[in-house]
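Asks: One structure follows; several queries about it will come next.
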Amino acid sequence: MFNLAIDWGYTDRNPVQVVKKFAEEPFRRTRVLGHVEEKKLLDAVTPVYLKSMIRIFLNSGLRRKELFQLTWHNVNFQRRQIYITETKTGKNRYIPMNEAVYKELMRLYEARKDNGLVFVNPKTGRGYVCIRKAFQSACRRAEIDNLTLPDRLI
């Protein structure tokens, strides 16, 4: 507005020129996965570990790294909470468990082999680092386009 006022001769300077502008947030693609698509996706998943990971991921709000590094020590079934440390923001946080997450984690807990990581890669004996190929294959089989792991079920 002040630039127009200068152009039109109403003023000779812009008094807010020294005010710093807010950084614009980059465009973030949002893909909503409906209940029907979620069922199709979970039905299309072949590795059992991936089905559990996707179900927990979609229903918890965990980031990929948080899911891959999740330990049983950080799962509190009595309070229905997941305690997350070493977060992207550097602040610890609690994630509430909805019924789907609670049931899936309880099922995994009863079948666990040790008290370490929730998801252990049977090939390496360590936590997962990437499940992109398996996830993309499941999306292809379920005929779901344009879905990435950060997207959530709404």
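Derivation of every value follows stated rules applied to the coordinates shown; laboratory data play no part. None of these values were measured; they are calculated from a predicted model. Positions of Cβ are generated from backbone atoms using ideal geometry, with glycine treated the same way; all protein chains shown enter the neighbour counts.
Asks: The list (i) 36, 16, 13; (ii) 33, 16, 13; (iii) 44, 21, 14 gives values of semi-axes √(5λ) of the Cα gyration tensor in Å, and only one came from this structure; which label was calculated from it?
Replies: Correct label, based on the coordinates given: (iii).
Asks: Hey, what do the phi angles of region 51-65 turn into as Karplus ³J(HN,Hα) couplings, whole Hz, using 6.51/-1.76/1.60 and θ = phi - 60°, x for Gly and Pro?
Replies: Working through the residues one at a time gives 4, 5, 4, 5, 4, 5, 4, 5, 9, 10, x, 5, 7, 3, 4 Hz.
Asks: Here's something else I'd like to know. Can you give the % of DSSP beta bridges in the chain that are antiparallel, to the nearest 5? Display every interim value, and only then the final one.
Replies: Working: 8 of 9 bridges.
Approximately 90 percent, going by the DSSP bridge assignments.
Asks: For K65, list the lysines whose Cα falls under 21 Å from its own Cα; do not include residues on the same chain fewer than 8 positions away.
Replies: Partners within reach: K51, K88, K91, K123, K133.
Asks: Taking springs between alpha-carbon atoms closer than 10 angstrom, which of A138, A44, A23 fluctuates most in the Gaussian network model of the chain?
Replies: So, out of A138, A44, A23, the one fluctuating most is A23.
Asks: Within 10 Å, count the other beta carbons around each residue, average over each peptide in 141-149, 84-92, 65-73, 10-18, and list them highest first. Kindly include the intermediate steps, with their values, before the conclusion.
Replies: Details: 141-149: 13.3, 84-92: 10.8, 65-73: 17.6, 10-18: 8.9.
Highest-to-lowest ranking by the protection proxy: 65-73, 141-149, 84-92, 10-18.
Asks: Compute the Cα gyration tensor for region 50-140, then decide on rounded, prolate or oblate, letting a ≥ b ≥ c be the square roots of its eigenvalues: rounded whenever a/c is under 1.5, prolate when a/b is larger than b/c in the other cases, and oblate in all that remain.
Replies: Since a/c stays below 1.5, the shape of region 50-140 is classed as rounded.
Asks: Rounded to the nearest 500 deg cm²/dmol, what is the calculated helix-only ellipticity per residue at 222 nm for the chain, with -39500 (n - 2.57) per DSSP H run of length n ≥ 4?
Replies: Calculated from helices alone, the mean residue ellipticity at 222 nm is -10500 deg cm²/dmol.
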